[in-house]
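Everything on this sheet refers to the single structure shown next.
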Amino acid sequence: MVRFSVFIVCALSAFLNVSNVLAEWREPAVVRQEIAVTLTPSDHLLVGESTITFAAGTRGVSLKLSPAAIVESVTIAGDKIPFSFAEGDLSLDIPAKYGQGTIEIAVCYRAIFNDPLPLHPGSSEDPTYGVNGAITNRGTFLGYGAGWYPAPSSTPRFRSVRVTTPAGTEAVTAGKRTYIGTNGAFSHSSWEEQHPVGGLSLCAGPYRIEERRVDGVDLYTYFYPDNASLASRYLDAAAKYLRLYRDLFGPYPFEKFAVVENFFPTGYGFPSFTLLGSSIIRLPFIIDTSFPHEIAHSWWGNAIPVDHSEGNWAEGLVTYLADYLLKERRSPTEGRDYRMQLLADYTALVTPDTDLPLSAFTSRVDPASRVIGYGKGAMVFHMIRTEIGDRAFFGALREICRDRLYRSTTWSDLERAFSRNSGRDLSSFMKQWLTRPGGPRLTLSKVTRRREGSGWAVSGTVEQSSPFYELRLPLRLDTDGPPVRELLQVTRGVTPFSIISATEPRRLLLDPETEIFRVLAQDEVPVTVNSIKGSKQLLAVMTEDCRAGEEIFKRLLESLGKGKTTVISENMLDTERIQGHDLIFCGIPKQRPQLPPFPAGITIHSAGFSISKEVVNAPDGLLFMVLPLPAPSGRVAAFFRPLSAAAAEQYTPKITHYGKYGSLVFSAGAIQHKGTTPASAKTSDISF
Ligand SMILES: [Zn+2]
């Protein structure tokens, strides 16, 4: 199944002001905040009033608000108070006459929010699409970063929001819904958070609302009319995953859970609601992939916010507990394949200049940061679980959910919980995985087998390049009888081993179940779309066979993260250029002496192409194929072959989402074929 996580992974980190949450626990400076806003979508206008109660002893106040806002008044007990407002910072001193008790400050303001909406949303690697605040007739999205309400520098202990919209438009935000109703030309709703976490986001649109109460939690869908029929499926799935995670981690930590539709293709997980784009909600597999991912964030990242000072651990943990764990529960093979995919993605997409240690990952900004923060992070949690066992691993997660709810949490906090629950000091184990970029590079070397007595011995070395990791590396010897498994303690560059078997050895495998995070050798990585995304030197070539304009070809390059690639025409391609680069062709070049042969089963003809004997001639067909250039170059060539400009326009944005595949065929509006030729590794898999 294709994972569309590329464009539906949440970016909640951008919306949580973690240092503020930390400050809250030292000094709860804000007692409560009430926010009342009226939205006028036809004018992109928000008119708001917020009352903020500060703790006794507060002398000065600083609030963040959209720099574009107009602040109409700031009052204390009905008295207008002088203030300054510049570059989004609203500050004032509190006159001494207001005494020693708590101080209630009211701010009246208005602002226009009209960020441009994405034109080609399918092909962005930026999960926000650059939209922080948009109040439009199609819908409203006001992210925390937009400054749609005056935000104090620490999170209040209680927060409420009242929203007024034109009748027919419904709003949704964090917290328990305490009122909903329509009065004449206006709709109203009220929301209350007993445990506010970080900043607030708000959405509104012509929603149809469905609701259900399950195990004491209010579940809602806020869907546009076109998707309203999907509501019951989403409510069923929400109930299923909330129960699954409640059993694993402890009670659901918020007042409600709402699935909210967005008018551009986000995948945000906010405290107590998730915001999924219209096109995403309709994708049939989302309900069992991205959706549980966002639900798992309710605990990890939302109720237990990330303290970014040691890096963002939440994406790795949620990838592990949702995207991965659900596969593992279906079958061990699916779990193993997923882990191998994480290693292949890392190896294909991360280059030395885009690599970073997990301790420096904050949020996804490009393919490399995604496979580090999500993929490598997930593998680190897998290795912890393998080291300490399920009981200690899930026991630690439950302990954190019990003891650290609504408190910012670091990698060190997680490490302490895993250490405590396993009775082992994991500090040096964690240090090597969190503070170093890259990963171990491991190969089998000098492997021989010989008869020994009545049985056999297979010996050799495991080699790793510097810096050395300390690992317990699984080896498996397949024989004519049962396989022999060994855990080899690897600490340095060369580690010898010898494995005895009673029956004849046939094959030796390094980490056969993919338990360890490592950088794969070139021959272990299948050639895929990701190989192009991770290319260090790519050259794009327009051929005479190209049936798309250069503009669409460039859009394809941009969606693959290769927008700066030089585009030349076929007649400029010479031997020298071929040698120095990976190549991507629009169309099939006339001269292909140095290019790879097409794999068996794929033939190109002037009208179209055939794949597995299926002929695609219709103008709406498109073939995308990535092949290895002849060994030992290690380079690749991709062929982008739309059968018409319209097909190129339609399918180009989709290609980037099929990163793990080496050949793709689109026609009749959908993907028809996706395939990958497996790699044939000699460095981790030796047959006798
Ligand atoms: Zn996420």
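Where a number appears in this text, it was derived from the coordinates with a stated rule and is not lab data. Remember, it's a predicted structure, so these values are computed and weren't measured experimentally. Because the Cβ atoms are built from the backbone with ideal geometry, glycine has one as well, and the counts that use them run over all protein chains shown.
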Check your understanding: Regarding the range 68-217, what are the three Cα extents along the principal axes, ordered largest first, in Å?
Key -> 53, 39, 33
Check your understanding: Counting Lys and Arg as +1 and Asp and Glu as -1, what is the net charge of the other residues whose Cβ lies under 12 Å from the Cβ of residue 663?
Key -> +3
Point to revise | Using distinct alpha-carbon pairs, which all enter the 1/r mean, Kirkwood radius of the range 245-296 in Å | key: 11.5 Å
Exercise for review: Please report the Cα spread of the range 536-577 along all three principal axes, rounded to whole Å, starting with the longest.
Suggested key: 28, 27, 10
Study note, to complete from the structure: If 70, 180, 304 are placed from fewest to most neighbouring beta carbons inside 10 Å, the sequence is 70, 180, 304
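Within 10 Å of each residue's Cβ, count the other Cβ atoms and sort 523, 93 from fewest upward. Each step should come with its number before you reach the end.
Values: 523 17, 93 12.
So the residues, fewest neighbours to most, are 93, 523.
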Exercise for review: Please name which of 47, 401, 422 has its Cα lying farthest along the dipole of the chain towards the positive end, using unit charges on Cβ (Lys, Arg +1; Asp, Glu -1) and the Cα centre as origin.
Suggested key: 422
Review point. Based on the Kirkwood radius over alpha-carbon pairs, what is the Stokes-Einstein translational diffusion coefficient of the chain at 4 °C with 1.567 mPa s viscosity, in µm²/s?
Key: 47 µm²/s
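From the Cα gyration tensor of the range 529-675, with a ≥ b ≥ c the square roots of its eigenvalues, which class applies: rounded if a/c is under 1.5, or else prolate if a/b is larger than b/c, or else oblate?
Numbers: a/c = 1.42, a/b = 1.29, b/c = 1.10.
It is rounded, given that a/c, with a ≥ b ≥ c, falls under 1.5.
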Check your understanding: Cα axis of helix 645-655 to longest principal axis of the chain: angle in degrees, 0 to 90, nearest 10?
Key -> 90 degrees
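When only Cα pairs under 8 Å and 6 or more residues apart are kept, what is the percent relative contact order across the chain? Each step should come with its number before you reach the end.
On the way: 1542 pairs, mean separation 69.4, N = 688.
It comes to 10 percent, rounded to a whole number.
Compute the Rg/Rh shape ratio of the range 468-589: radius of gyration over Kirkwood radius, all on alpha-carbon atoms.
On the way: Rg = 22.6 Å, Rh = 18.4 Å.
Rounded to two decimals, Rg over Rh is 1.22.
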Study note, to complete from the structure: Computed over the range 349-423, the convex hull of the Cα set has an average projected area, in nm², of 5.6 nm²
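Quick one: plug the Kirkwood hydrodynamic radius of the range 277-432 (C-alpha pairs) into Stokes-Einstein at 4 °C, 1.567 mPa s, and report D in µm²/s. Before the final figure, lay out each step's value.
Details: Rh = 16.1 Å.
Here the translational diffusion coefficient equals 80 µm²/s.
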Study note, to complete from the structure: Partner lysines whose C-alpha sits under 24 Å from that of residue 256, ignoring same-chain residues fewer than 8 away, are 176, 240
Practice item. Taking amide H positions as placed in the peptide plane 1.01 Å from N, state which residues far from residue 365 in sequence (5 or more) or on other chains have amide H under 5 Å from it. Key: 370
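At 222 nm, what helix-only mean residue ellipticity would the chain give, in deg cm²/dmol to the nearest 500, using -39500 (n - 2.57) for each DSSP H run of four or more? Don't skip to the end; give the middle numbers.
Details: 16 runs with 160 residues, N = 688.
Calculated from helices alone, the mean residue ellipticity at 222 nm is -7000 deg cm²/dmol.
Taking a cut-off of 23 Å, what percent of all Cα-Cα pairs in the range 5-299 are separated by more than that? Spell out each step's value before the answer.
Details: 23703 of 43365 pairs.
Within the range 5-299, distances greater than 23 Å cover 55 percent of Cα pairs.
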Point to revise | Under 21 Å from residue 376, Cα to Cα: lysines that are on another chain or at least 8 residues apart | key: 327, 431, 533, 536, 660
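Please compute the net charge surrounding residue 590, taking Lys and Arg as +1 and Asp and Glu as -1 over other residues with Cβ under 11 Å from its Cβ. Walk me through the intermediate numbers first.
Values: positive: 592; negative: 544, 545, 570.
Neighbourhood net charge equals -2.
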Practice item. Take the eigenvalues of the Cα gyration tensor for the range 460-514, scale each by 5, and report the square roots as semi-axes in whole Å, largest first. Key: 23, 10, 8
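So for 224, 320, 661, fewest C-beta neighbours within 10 Å to most, what's the order? Before the final figure, lay out the partial values.
Working: 224 17, 320 24, 661 21.
Lowest count first: 224, 661, 320.
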Check your understanding: residue 80: which lysines have alpha carbons under 28 Å from its alpha carbon, excluding same-chain residues fewer than 8 sequence positions away?
Key -> 64, 97
Exercise for review: Just name one of 375, 512, 579: the one whose Cα is farthest towards the positive end of the charge dipole of the chain (beta-carbon charges, Lys/Arg +1, Asp/Glu -1).
Suggested key: 512
Review point. Angle between the Cα long axis of helix 332-349 and the longest principal axis of the chain, 0 to 90 degrees, nearest 10?
Key: 90 degrees
Check your understanding: Along the charge dipole of the chain, which of 341, 491, 661 sits closest to the positive end, that is, farthest toward it, with unit charges on the beta carbon of Lys, Arg, Asp and Glu (+1, +1, -1, -1)?
Key -> 491
**Study point:** Cα-based helix-to-principal-axis angle, 377-403 vs the chain, degrees rounded to 10
**Key:** 20 degrees
Study note, to complete from the structure: Long-range amide H partners of residue 409, meaning residues 5 or more apart or on another chain whose placed amide H is closer than 5 Å, are 306, 307
**Study point:** Nearest-20 debye value, the chain charge dipole, Cβ charges on Lys, Arg, Asp, Glu
**Key:** 1280 debye
